[in-house]
Amino acid sequence: MAVHFRLWLLSAIVISFIGSHYSHTLLVFSHSFLWNAVALYLTLQSANLIWEIIIYPFCFSPLRHLPQAPGANFLLGHYKRIFQEPTGEPQRDWIDSVPNDGVIYYRWLLNRPRVLITSPKALAEVLVQRNYEFTKPARLRKGLGRLLGVGILVAEGDEHKRQRKALMPAFSFRHIKDLYPIFWSKSREMVQAMLTTIQSPPTPSANTESPTTTDPSVVEIRDWASRATLDIIGVAGMGQDFHSLADPDNELFKTYRTIFSPMRGRRIFQLIMMLLPEELLDLLPLERNTQIKKAIVTIKKVAKDLIQTKRANLADGKARDLDILSVAIESGGFSDDDLINQLMTFLAAGHETTASAVTWAVYLLCKHPDVQAKLRDELRSSGILTALHSASGRNDAGEEITSRHIDALPYLSAVLSESLRLFPPVPQTLRESPPYHTTIANHPVPPSTTVIISPWAINTSYALWGPDARAFNPDRWLGPGRANTGGAESNFASTTFLHGPRSCIGMGFAKGEFACLMAALVGAFEMRLRDEEEEIDITGGITARPRNGLWVKLTPVGQ
Ligand code: HEM
């Protein structure tokens, strides 16, 4: 759009200039260069819009021959559904209802093209074989970079490869396994703090966002999960405890809560973001802009302090750590500004996602009390409950809980895999085809077309998961050879963490902390929804969440 704008403006100026100096037949307003240029620019721009919105999509685009989602409007495309429904929901429907062989075509507002990837083969092509050809769209990079830092999440090509290589040691298999005692001790801290809260009279800061709750045993799960995961990424990823579990008024936590909370008019804001030139968007006097600018100052300050402390520790010759920050500093590949950006990325990407996973797992367990009870039985017979409830935090054998104990719980693993399948915390992500004509699954795709990867849709596709694709069935992950596949034929049937060189670098970290947090929650409490009949309204930008939070009634259980 920006290129076209400049191109048309330049053409109008050049034609007006030639007209006013050499050939008056080119002029509409014979005596004014300026008016002539304006008239020409508007004409060219209108012609271009008619071409882009109507003529090209309906008469020339090769995408018009692809299987198409039904119900499009002449000008709005499929945008009405996309606007009204939770992220990924229309795609979840289309993937099952539109016969296709790897891709589906639909149209965003003003018929902007979208190619939805549906088959494992096409996913492998875009995410693995040709990963660096299909980049993140510039607008997405700018939007993410603004909030999450210009770090590994938004880097492309060789720069991405370099950053990933430098950071990988912090995510090695062995190192992640060594972090389990931290995950477990924070999980215990969380349930102990919850226990204290539900046993004391309600206060505004204990049951946050709870204007209506009078029952102290009802808590908002997402809030607690976010505090726990923020503390975990602090301790395990950066060597510093933010203490947001102990102090819900912690500034960093409150900052993230503000920027990640579902905001009024989010869809409208997103729409403005997509349509306005980025430079203009930043200048608008919107409350959201003010919030983000304030948040960035706070987060950058925290990141800067972390770097200074870590550098001082390293200079004092204190023991070398393998946390993300130490690894990044010691790689020597990042300036201080780069480090701040990486920390911003890991702080946000590393806690909001897992908090979302915990929220949805608790939701599913409330909806399926039989599964919840069976899981608690497994935890009890493994000795985890003893460790959870004992003052020392050790099990009957006097051991502290490590990856060896958590990884030996097949039903826990099955429940979590099934929950991550049905409610992937990142419901959708985008790519852009290269700036030349290409193909996906042998179908022609025009330059710079937006490509949609929808874990929300793929993970519940009937074609990939069979007739019970949308049911909560942890048992599908049990039995020989099923622990990693859930019985699906392809690894690409689940895209919760994506695949390939840009898959989630924190997957092992996330799975470890998720398992510990859920083991502690289920071990400590019997959980029921506050309103059993309430339909959950899903919202979310980067991560999916219940619009009004997840309010759960907790009843403490013994060993
Ligand atoms: C259940 C929890 C999580 C889920 C579902 C999740 C999901 C994802 C997904 C889908 C992506 C790819 C985004 C894209 O390319 O469009 C991603 C990337 C990433 N995630 Fe996670 N994530 C989780 C937890 C974490 C944690 C705990 C960390 C850090 C400790 C982390 C750090 C990152 C980073 C740095 C990237 C960018 C990787 C790259 O581009 O090379 N994530 N995550």
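The values are calculated or read from the model by the stated rules, or taken from the named source; none is laboratory data. Computed from a predicted structure; not experimentally measured. Quick reminder, even Gly has a Cβ in these numbers, built from the backbone with ideal geometry, and neighbours come from all protein chains shown. Keep in mind that these areas ignore ligands, DNA and RNA; they rest on the heavy atoms of the full protein, side chains included. Shrake-Rupley method; radii C 1.70, N 1.55, O 1.52, S 1.80 Å.
Looking at (1) open to solvent by less than 30 Å² (accessible area, probe 1.4 Å); (2) away from the ligand (no atom under 16 Å from the Cβ), can you tell me which one A357 breaks? It fails just one condition, (2).
Would it be correct to say that L412 is in contact (Cβ under 8 Å) with a residue 60 or more places away in the chain and either among the β-branched types (V, I, T) or part of a helix (DSSP H, G or I) (or both)?
yes
Of all residues in the stretch 130-143, those satisfying the criterion of being under 11 Å from I440 (Cβ atoms) and either more than 12 Å from the ligand (Cβ to nearest atom) or not in a loop (DSSP other than H, G, I, E, B) (or both) are R130, E133. Here A387 meets each of (1) buried (at least 17 other Cβ atoms within 10 Å of the Cβ); (2) aliphatic (A, V, I, L, M); (3) assigned to a loop (DSSP other than H, G, I, E, B) with one exception, condition (3).
Go through (1) open to solvent by less than 20 Å² (accessible area, probe 1.4 Å); (2) assigned to a loop (DSSP other than H, G, I, E, B) for Y436 and report which single condition fails. That leaves (1) as the condition not met.
Selection over the stretch 500-529 of residues that are open to solvent by less than 40 Å² (accessible area, probe 1.4 Å) and within 10 Å of the ligand (Cβ to nearest atom) gives a count of 11.
Within the stretch 36-44, the presence of a residue that is of a type outside the set (S, T, N, Q), touching a strand residue (DSSP E or B) at 6+ places or on another chain (Cβ under 9 Å) and open to solvent by less than 60 Å² (accessible area, probe 1.4 Å) is excluded. In the stretch 316-354, the qualifying residues are those that are acidic (D, E), in a helix (DSSP H, G or I) and surrounded by fewer than 24 Cβ atoms within 10 Å (Cβ to Cβ), and the one that is nearest to the ligand (Cβ to nearest atom) is D338. Residue count for the stretch 122-135, restricted to those that are within 10 Å of H499 (Cβ to Cβ) and open to solvent by 40 Å² or more (accessible area, probe 1.4 Å): 1. I'd like the full set of residues that are under 13 Å from D407 (Cβ atoms), surrounded by 15 or more Cβ atoms within 10 Å (Cβ to Cβ) and of a type in the set (A, V, I, L, M, F, W, C), limited to the stretch 161-178. Hit for the stretch 161-178 is I176, nothing else.
In the set (1) surrounded by fewer than 15 Cβ atoms within 10 Å (Cβ to Cβ); (2) in contact with a Leu (Cβ under 7 Å, 6 or more places away or on another chain), the condition left unmet by W51 is number (2). Scanning the stretch 530-559 for residues that are open to solvent by 10 Å² or more (accessible area, probe 1.4 Å) and either among the aliphatic types (A, V, I, L, M) or part of a helix (DSSP H, G or I) (or both) yields I536, I538, I542, V557. Kindly provide the set of residues from the stretch 254-280 that are touching a helix residue (DSSP H, G or I) at 6+ places or on another chain (Cβ under 8 Å) and modelled with pLDDT of 70 or more, ordered by number. T255, Y256, R257, T258, I259, F260, listed by residue number. Could you tell me whether any residue of the stretch 465-488 is within 29 Å of T135 (Cα to Cα) and modelled with pLDDT under 95? Yes - at least one qualifying residue is present in the stretch 465-488. Of the helices (runs of 4 or more DSSP H) lying entirely inside the stretch 1-101, the ones with 3 or more residues being modelled with pLDDT under 95 are found at 2-21, 33-50, 79-84.
Residue-wise test of (1) away from the ligand (no atom under 16 Å from the Cβ); (2) buried (at least 16 other Cβ atoms within 10 Å of the Cβ); (3) over 25 Å from the mean Cα position of the chain (by Cα).
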position: L409; (1), (2), (3): yes, yes, yes
position: L412; (1), (2), (3): no, yes, no
position: P444; (1), (2), (3): yes, no, yes
position: V451; (1), (2), (3): no, yes, no
position: P455; (1), (2), (3): no, yes, no
position: Y462; (1), (2), (3): yes, no, no
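Checking S97, S119, S61 one by one, the residue that is without any contact (Cβ under 8 Å) to a residue 40 or more places away in the chain and either open to solvent by 70 Å² or more (accessible area, probe 1.4 Å) or among the hydroxyl-bearing types (S, T, Y) (or both) is S97 and no other. When the stretch 415-427 is limited to residues that are more than 9 Å from the ligand (Cβ to nearest atom) and not in a helix (DSSP H, G or I), the one that is nearest to T460 (Cα to Cα) turns out to be F423.
Contact map, the stretch 216-239: first residue without any contact (Cβ under 8 Å) to a residue 60 or more places away in the chain, second residue of a type in the set (S, T, Y), Cβ cut-off under 7 Å, separation 6 or more or different chains; pairs are P216/S200; R227/S244; D231/S244.
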